[in-house]
Amino acid sequence: MTKRKNFTQMALFCDCSESRFRQNFRKKFDWVRYNLAFCREKLRHRIAIAIDPSYIPKSGIEYLYRDAKQFAGLTHCQSWKRESLDFAFNMSLSSINVVSFFSELRHASSCL
C-alpha cells in the first residue's frame, strides 16, 4: 500500500464510493459547531479546555538541542559504548547550558 492516499484507495476500505468521498471533501465543514455539539453531547456538565499549541511560546529546549547540534558536537560522537555516548551527550548539552548561563549573567549585569 502506498503512503499517499486518494479517494479511490479510501473507497476500497469501506462501503462508500469514490464519488461520495470527492463530494464530501468539497463541502465546507463547520468545525466549531461540530465541536460544540460533540462537547454538549459527550461531556455534558464537564469542562474541556483545548489549547492551540501554535500560540504557546517555545520552552527553550528546542534551542538547547539546536545549539548543541550546531556548536557543541551533539551528533559527532562515534562510540558505540553507552557510557561514552552518555558522556558525550552530557558534555554537549552541559556546555551549551553553561554558555547560555554566563551569557544571561553578563547581559543581566550590563543592564544594571
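Derivation of every value follows stated rules applied to the coordinates shown; laboratory data play no part. Here the structure is a predicted model, which is why all the values come from computation and not from measurement. Don't worry about glycine lacking a Cβ; one is built from the backbone with ideal geometry, like all the others, and counts go over all protein chains shown.
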- prompt: Does the stretch 61-93 hold any residues that are among the charged types (D, E, K, R) and under 24 Å from the mean Cα position of the chain (by Cα), and which are they?
  reply: 62, 66, 67, 69
message: Report every pair of residues separated by at least 6 positions or lying on different chains whose Cβ atoms are under 6 Å apart, first residue within the stretch 12-24 and part of a helix (DSSP H, G or I), second exposed (fewer than 12 other Cβ atoms within 10 Å of the Cβ).
response: 18/8
